[in-house]
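In what follows, a structure is listed as structure tokens, so that the remarks can point back to it.
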Amino acid sequence: MLLLLYHKGPSTRGIFRRSANAKTCKELKEKLNSGDDVQVDGESVFVAAAVITDFLRNIPDSVLSSDMHGLWMEAVDTENRAHKIEAIKSLVNQLPEANLILLRHLFGVLHHIEQNSSVNQMNAFNLALCIAPNMLWLPSPTGPEEESRSTKKVIAHVQFLIENSGEIFGGDIASLFQRPDKKKSRTSEESLGKSVVLYLPEMFNIFEQVKSSCRRVCFPFMSLPRKSMEKQLGWVFPLPVRQRQGQSRRLKYST
């Protein structure tokens with residue numbers, strides 16, 4: 001699904017901002033949760049964006065870890081750019097490996113979209129405005145003023161991550177989404193892209209580590225049968241049963 005967003009998102013005006021058909025999103029979620037095969041290439045890019053966003057919103061304690069909220073906010077306030085990047089890289093490396101893999105691919109997509117903002121009208125700020133509140137929130141309920149301040153800082157933080165994803169997550173992120181040569185593609189894993197459909201044994205080991213030792217993030221499809229998980233890897237995620245209450249986001253997009 002991230003592969004679809006990577007290739008079609010940059011040319012799609014208002015990606016992540018425009019609403020998707022609710023009925024279609026619901027049907028896709030049901031297919032994913034049931035373990036059915038899903039032809040992602042045939043899905044609307046807006047539906048893909050909505051499902052990915054919903055998945056992030058439903059990760060318990062957030063993909064960036066609410067327990068680290070204060071540390072992230074300190075990093076946001078760092079004025080020196082080089083020091084800020086080093087502080088963020090240090091925090092990123094403290095996240096569970098499964099989170100890091102997801103973030104690296106996700107920000108690869110967002111950065112690629114942002115690089116084509118003249119076409120899609122979604123610069124880093126606009127993308128962050130849409131997706132940031134689904135990636136990190138306060139560890140416990142607070143008053144509306146504190147939540148508003150936190151949300152604005154999280155948006156600034158995610159904007160910085162999008163703009164500097166290469167330095168923060170390392171490596172050639174674009175290579176994660178390169179389509180394989182059809183002449184050399186001999187397996188179903190290669191047909192989806194080895195860099196996006198991660199090596200299954202490695203992924204299962206990651207999920208087991210998260211499942212047994214990390215209380216911060218629990219990927220919802222860990223409980224599915226192995227066969228169903230194999231169908232859904234390729235960054236097509238079924239949705240978790242827990243749902244965090246959405247926060248109001250009455251902020252203006254930049255033009």
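The values are calculated or read from the model by the stated rules, or taken from the named source; none is laboratory data. Owing to the predicted nature of the structure, the values given are computational and were not obtained by experimental measurement. In this analysis, Cβ positions are derived from the backbone assuming ideal geometry, glycine residues included, and neighbour counts consider all displayed protein chains. We work out accessible area using only protein heavy atoms, side chains counted, and drop any ligands, DNA or RNA first. Shrake-Rupley method; radii C 1.70, N 1.55, O 1.52, S 1.80 Å.
Can you give me the Kirkwood hydrodynamic radius for the stretch 1-95, using every pair of distinct Cα atoms, in Å to one decimal?
When all Cα pairs of the stretch 1-95 are included, the Kirkwood radius is 15.7 Å.
For the stretch 100-154, give the percent of accessible area contributed by carbon and sulfur heavy atoms, probe 1.4 Å, rounded to a whole number.
On the way: 1120 of 2160 Å².
Percent of accessible area from carbon and sulfur atoms in the stretch 100-154: 52.
From the phi of every residue in the stretch 142-155, what ³J(HN,Hα) in whole Hz does the Karplus formula 6.51 cos²θ - 1.76 cosθ + 1.60 yield, where θ is phi - 60° and glycine or proline is x?
Ordered by residue, 3J(HN,Hα) equals 9, x, x, 5, 5, 5, 5, 4, 4, 4, 5, 5, 5, 4 Hz.
Convex hull over the Cα atoms of the stretch 1-160, averaged projected area in nm²?
If you wrap the Cα atoms of the stretch 1-160 in a convex hull and average its projections, you get 10.1 nm².
Using each residue's phi in the stretch 14-21, evaluate 6.51 cos²θ - 1.76 cosθ + 1.60 at θ = phi - 60° and report the 3J(HN,Hα) Karplus result to the nearest Hz, with x for Gly and Pro.
For the stretch 14-21, the Karplus-derived couplings read x, 4, 6, 9, 6, 6, 9, 5 Hz, x marking Gly and Pro.
Which of the peptides 41-51, 21-31 is most tightly packed, and how do the rest follow, going by the mean number of other Cβ atoms within 10 Å of each residue?
Result, highest mean Cβ count within 10 Å first: 41-51, 21-31.
Explain nothing, just the number: dipole magnitude of the stretch 104-167 about its Cα centre with +1 on each Lys and Arg Cβ and -1 on each Asp and Glu Cβ, in debye rounded to the nearest 20. Present the calculation step by step, with values, prior to reporting the outcome.
On the way: 4 positive and 6 negative charges, 12 e Å.
Its charge dipole is roughly 60 debye.
Please state the Cα pair-distance histogram of the stretch 8-47 with 10 angstrom bins from zero: what percent is in each bin?
The distribution over the stretch 8-47 is 28, 50, 21, 1, given as percents.
Using θ = phi - 60° and the Karplus form 6.51 cos²θ - 1.76 cosθ + 1.60, what ³J(HN,Hα) does each residue of the stretch 119-135 get, whole Hz, x for Gly and Pro?
With the stated coefficients, the stretch 119-135 comes to 9, 8, 6, 10, 6, 4, 5, 4, 5, 4, 4, 7, 10, 4, x, 8, 10 Hz.
In Å, the Kirkwood hydrodynamic radius of the stretch 93-158 over pairs of distinct alpha carbons? Please list the in-between numbers first.
Values: mean 1/r = 0.0759 Å⁻¹.
For the stretch 93-158, inverting the mean 1/r across all distinct Cα pairs yields 13.2 Å.
Return the Rg/Rh value of the stretch 43-93, two decimal places, where both radii are evaluated on C-alpha atoms and Rh is the Kirkwood radius.
With Rg and the Kirkwood Rh in hand, the quotient comes to 1.15.
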